[in-house]
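Asker: Let me give you the structure first, and then I'll get to my questions.
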Amino acid sequence: MRMIEEIIARGHPNITAKHKTTLEITKEGELSKRGDCIIGVKADKGISELSEKIKDYLKRGRSARISIILPDYGMEENLTGIGAEKLSFTHPTDIVVRKSSFICGRTLLIKADKAAIDLSREMVELLKDPSTLLIFRIEII
């Protein structure tokens, strides 16, 4: 069974995408330079608002592919990670993908094959523009 959920977010001038182990989108509108894992702001969903079907599958340790799409520029980056039984999906504003196995209420996937630093620098430059639209697609594989 194939399941897809999309979250829409926006760019921000302070996006640097330099974090080596995590990648995040947030519903928050403001971003300091310290938020170096954040690649999108003003997201239309936080992790607690994802579909129950997606959350249930990820709690079973299923793999998921994340596509980070900039539709206005025809750009896409993909990464994969896995779910885990201890995922709680409780955070109201944030969605975090991690290379590590650390789990908290913001964690969507662990053991991911990419973090913010691994995104193309061309994409990161485009994400510095608040008018840039980002689609964060979660696909259960």
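Asker: With respect to R60, is the statement that it is out of contact with any helix residue (DSSP H, G or I) (no Cβ under 9 Å at 6 or more places or on another chain) and touching a residue at least 24 places away in the same chain (Cβ under 8 Å) true?
Answerer: yes
Asker: If G61 meets every condition in (1) surrounded by 19 or more Cβ atoms within 10 Å (Cβ to Cβ); (2) at positive phi; (3) of a type in the set (G, A, S) apart from one, which number is that one?
Answerer: (1)
Asker: In this structure, does I138 turn out to be under 11 Å from the mean Cα position of the chain (by Cα), of a type in the set (V, I, T) and over 20 Å from H19 (Cα atoms)?
Answerer: yes
Asker: Being among the small types (G, A, S) and closer than 17 Å to S120 by Cβ: is that true of S88 here?
Answerer: No; evaluated as a whole, the condition is false for this residue.
Asker: Do you know which residues across region 26-77 are within 20 Å of M123 (Cβ to Cβ), touching a strand residue (DSSP E or B) at 6+ places or on another chain (Cβ under 7 Å) and among the basic types (K, R)?
Answerer: K42, R65
Asker: Look through I54, I66 and report the one residue that is modelled with pLDDT of 95 or more, in a helix (DSSP H, G or I), closer than 17 Å to I7 by Cα and β-branched (V, I, T).
Answerer: Just one listed residue meets the conditions, I54.
Asker: Okay, moving on. Could you run through region 7-29 and say how many residues are among the β-branched types (V, I, T), part of a strand (DSSP E or B) and surrounded by fewer than 23 Cβ atoms within 10 Å (Cβ to Cβ)?
Answerer: Qualifying residue count, region 7-29: 3.
Asker: Okay, moving on. Of everything in region 115-125, what is assigned to a helix (DSSP H, G or I) and surrounded by fewer than 17 Cβ atoms within 10 Å (Cβ to Cβ)? Give them in sequence order.
Answerer: D118, R121, E122, E125
Asker: Please enumerate the residues belonging to region 1-34 that are of a type in the set (S, T, N, Q) and under 19 Å from R106 (Cα atoms).
Answerer: Here is the first cut: in region 1-34, the ones of a type in the set (S, T, N, Q) are 14, 16, 21-22, 26, 32.
Selection gives T21, T22, T26, S32.
Asker: Give all pairs with beta carbons closer than 7 Å in which a residue from region 21-39 that is more than 18 Å from I66 (Cα to Cα) and without any contact (Cβ under 8 Å) to a residue 24 or more places away in the chain meets a residue that is of a type in the set (K, R) and surrounded by fewer than 19 Cβ atoms within 10 Å (Cβ to Cβ); count only pairs at least 6 apart in sequence or on separate chains.
Answerer: These pairs meet every condition: G29/K42.
Asker: Also: List, please: which pairs have Cβ atoms under 6 Å, are six or more places apart or on different chains, and start with a residue in region 73-102 that is over 24 Å from G29 (Cα atoms) and end with one that is of a type in the set (D, E) and assigned to a loop (DSSP other than H, G, I, E, B)?
Answerer: From region 73-102, the pairs are L79/D113; T80/D113.
Asker: Right, another one. Across region 1-44, what is the total count of residues that are modelled with pLDDT of 95 or more and more than 19 Å from A112 (Cα to Cα)?
Answerer: The qualifying residues number 16.
Asker: Looking only at region 76-92, which residues are surrounded by fewer than 16 Cβ atoms within 10 Å (Cβ to Cβ) and either closer than 25 Å to T132 by Cβ or not β-branched (V, I, T) (or both)?
Answerer: E76, N78, E85, K86, S88, P92
Asker: Would you check if there is a residue in region 93-114 being acidic (D, E), surrounded by fewer than 16 Cβ atoms within 10 Å (Cβ to Cβ), in a loop (DSSP other than H, G, I, E, B) and modelled with pLDDT of 95 or more?
Answerer: Within region 93-114 (the criterion being acidic (D, E), surrounded by fewer than 16 Cβ atoms within 10 Å (Cβ to Cβ), in a loop (DSSP other than H, G, I, E, B) and modelled with pLDDT of 95 or more), the answer is yes, since at least one residue qualifies.
The values are calculated or read from the model by the stated rules, or taken from the named source; none is laboratory data. This one's a predicted model, so the numbers in the text were calculated from it and none came from an experiment. For neighbour counting, all protein chains shown are included, and Cβ atoms are generated from backbone atoms with ideal geometry for every residue, glycine included.
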